[in-house]
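For reference, the structure discussed in these notes is given below.
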Amino acid sequence: MKITILEGYTTNPGDLSWKGLEELGELEVYDRTSLTNEDEIIDRINQAEIVLTNKVPITKTVIEACPSIKYIGVLATGYNVVDVRAAQEKDIVVTNVPDYSTQSVAQMTFALLLEICQQVGHHNQAVKEGKWEEHPDWTFFDYPLLELAGKTMGIIGFGSIGQATAKIAEAMGMNVIAYNRSQSEEGKKLATYVPLDELLEKADVVSLHIPLVEETQALINQESISKMKEGVILLNTARGGLVDERAVAEALNSGKIYAAGVDVVSTESIENTNPLLKAKNVFITPHIAWATKESRARLIDSAVDNVKQFINRNPKNVVH
């Protein structure tokens, strides 16, 4: 079978291998494919029966123009880039890769939080600029330093990533409260479930770990921010659309939100008009929480297994 990867570079910039897929069929790998040019997408799919994508949209137009497609594998957990209904109408199997990045995203959540609390990057640069050498005391800090022990972390979305984040928070001596549409026994061992408004009122740190769907669009907005503590810390390693970025920027500039750490923004790559770029005390990373080598290796292994199971007529991780 012919297998086409439309955007291989982000998943594997050369430090991993596509060998598992090469063993399953005739493999064509494109480092990058246009996100907007459907003619290019259609041309690159060509006669492929198995198509793998991450952010390249597989629309109804693309599906109808490529009758050879039998399987679409999303190299990610979110699968909103695929018109699943159009695929189902053509009996095309669509799969995703769940849970591959759980530990990496939880780790990144705390990397952002610890940078906010300890200002490692800032003080490293200050030392190299000679500020410690010039300072009259044996120690030097010119930015507030915060301790996490005893503070309350509020986790919105308590699935696998939220729970992994809770374990780290507990190890740091934090109290953990969580909001989720459903509750689990495993979750109850890690946090106290509370209504969303109560979480917003009590949390010193609010961390987002929910999917972006219609009801969660701009969940963090002017109204929800008004319910938060003065000087709260906001973390978003989930999806940029979960927050009203203008409202967050205004809250950062007023001090209502002390600091924010975000790995995702509403439009990616980030646009120079994004209000967060000019906000106070915001730390922005370029959507890399998922991208540790170990996480990407799990992603490829799972994608290979998904394809293998499809070929064996026993598909797994099928999305509906």
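For the range 51-70, check the following and say yes or no: at least one residue is of a type in the set (S, T, N, Q), under 28 Å from Lys293 (Cβ atoms) and not assigned by TED's automatic domain parsing to the domain that holds Gln163. Yes, because at least one residue in the range 51-70 is of a type in the set (S, T, N, Q), under 28 Å from Lys293 (Cβ atoms) and not assigned by TED's automatic domain parsing to the domain that holds Gln163. Could you tell me whether Asn281 is among the polar types (S, T, N, Q), over 30 Å from Glu245 (Cα atoms) and surrounded by fewer than 18 Cβ atoms within 10 Å (Cβ to Cβ)? Considered against the rule, which asks whether it is among the polar types (S, T, N, Q), over 30 Å from Glu245 (Cα atoms) and surrounded by fewer than 18 Cβ atoms within 10 Å (Cβ to Cβ), Asn281 comes out as no.
Looking only at residues of the range 165-182 that are part of a helix (DSSP H, G or I) and of a type in the set (A, V, I, L, M), we find that the one that is surrounded by the fewest Cβ atoms within 10 Å (Cβ to Cβ) is Ala171.
When we screen Thr109, Thr95 for residues that are buried (at least 21 other Cβ atoms within 10 Å of the Cβ) and more than 30 Å from Phe310 (Cβ to Cβ), the only hit is Thr109. Of the helices (runs of 4 or more DSSP H) lying entirely inside the range 83-155, those containing at least 3 residues that are under 27 Å from the mean Cα position of the chain (by Cα) are 84-89, 102-118, 120-128.
Regarding the range 268-277, can at least one residue be identified that is in contact with a helix residue (DSSP H, G or I) (Cβ under 9 Å, 6 or more places away or on another chain) and among the hydroxyl-bearing types (Ser, Thr, Tyr)? Among the residues of the range 268-277, not one is in contact with a helix residue (DSSP H, G or I) (Cβ under 9 Å, 6 or more places away or on another chain) and among the hydroxyl-bearing types (Ser, Thr, Tyr), which makes the answer no. Does any residue of the range 289-296 turn out to be touching a Ser or Thr at 6+ places or on another chain (Cβ under 7 Å), within 20 Å of Gly157 (Cβ to Cβ) and assigned to a helix (DSSP H, G or I)? Within the range 289-296 (the criterion being touching a Ser or Thr at 6+ places or on another chain (Cβ under 7 Å), within 20 Å of Gly157 (Cβ to Cβ) and assigned to a helix (DSSP H, G or I)), the answer is yes, since at least one residue qualifies. Only one entry of Leu235, Leu200 meets the criterion of being in a strand (DSSP E or B) and either touching a residue at least 40 places away in the same chain (Cβ under 8 Å) or buried (at least 18 other Cβ atoms within 10 Å of the Cβ) (or both), and that entry is Leu235.
The set of residues in the range 36-52 that are part of a loop (DSSP other than H, G, I, E, B) and either in contact with a Gly (Cβ under 8 Å, 6 or more places away or on another chain) or crowded, with 16+ Cβ neighbours inside 10 Å (or both) comprises Ala48, Glu49. Taken together, the residues in the range 262-320 that are touching a strand residue (DSSP E or B) at 6+ places or on another chain (Cβ under 8 Å) and β-branched (Val, Ile, Thr) amount to 10.
Taken as a whole, the condition of being touching a strand residue (DSSP E or B) at 6+ places or on another chain (Cβ under 6 Å), surrounded by 15 or more Cβ atoms within 10 Å (Cβ to Cβ), within 24 Å of Gln88 (Cα to Cα) and touching a residue at least 24 places away in the same chain (Cβ under 8 Å) does not apply to Ile63. Considering only the range 19-32, I want to know if a residue exists there that is of a type in the set (Gly, Ala, Ser), within 24 Å of Glu294 (Cα to Cα) and either touching a Gly at 6+ places or on another chain (Cβ under 6 Å) or in contact (Cβ under 8 Å) with a residue 24 or more places away in the chain (or both). Looking through the range 19-32, at least one residue is of a type in the set (Gly, Ala, Ser), within 24 Å of Glu294 (Cα to Cα) and either touching a Gly at 6+ places or on another chain (Cβ under 6 Å) or in contact (Cβ under 8 Å) with a residue 24 or more places away in the chain (or both). The number of residues in the range 129-171 being of a type in the set (Ser, Thr, Tyr) and touching a residue at least 40 places away in the same chain (Cβ under 8 Å) comes to 3.
Per the conditions (1) within 21 Å of the chain's Cα centre (by Cα); (2) farther than 18 Å from Val319 by Cβ, the sole criterion not satisfied by Cys66 is (1). Output yes when any residue across the range 167-184 is closer than 22 Å to Glu223 by Cβ and of a type in the set (Val, Ile, Thr), and no when none is. The answer is yes; a qualifying residue exists.
Candidates in the range 251-266 are the residues that are in contact with a Lys or Arg (Cβ under 8 Å, 6 or more places away or on another chain) and in a helix (DSSP H, G or I); of these, the one that is farthest from Ala291 (Cα to Cα) is Asn253.
The values are calculated or read from the model by the stated rules, or taken from the named source; none is laboratory data. Since this is a predicted model, take the numbers as computed values, not measurements. When we count neighbours, we look across all protein chains shown, and the Cβ atoms used for this are built from the backbone with ideal geometry, even at glycine.
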